[in-house]
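Nothing in this text is a laboratory measurement; each read-out follows from the coordinates by a stated rule. None of the values given here were measured: they were computed from a predicted structure. Note that we place each Cβ from the backbone using ideal geometry, even for glycine, and neighbour counts take in every protein chain shown.
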Amino acid sequence: MKFILPLVAVFLLQIFGCSLVGEDNPRTSLSITVRHHDRPIPGTEVYVKFFATEFPGYELENVADTTLVADADGQVKLNNFPLGNHWFVGIGYDEAIRELVIGNLDLRFDLTNLQHDTILYVSEEH
């Protein structure tokens, strides 16, 4: 009997400890490189729509939860954001062809999938 109580305590700590990490500090991280025909596209605005299961569209100025701007290498980074399904929509300008380029991707983050390092491919608007 005296071994059961510590086991129950450890079990409860594991359950509540995992949910606290997921809610208060999920330790999520994301690194996206925006590319068009294998060229990085610096200055691309990457709009983030958290908790979205459907594509939010390209008119995101007043809808996005946050906006990131790609650095000189075409990269954006985001850390410690909520768990869930999120959409990332990139709108940029490719200097080489002098055209607007757009693209999108959706990613899911949960306790078994806290990190992504990926490419957001953009193309000319068709």
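Quick one: which of 59-65, 73-79 comes out on top by average Cβ neighbours within 10 Å, and what's the full order, highest first?
73-79, 59-65
Over all directions, average the projected area of the Cα convex hull of segment 27-124 and note it in nm².
Result: a mean projected hull area of 5.8 nm².
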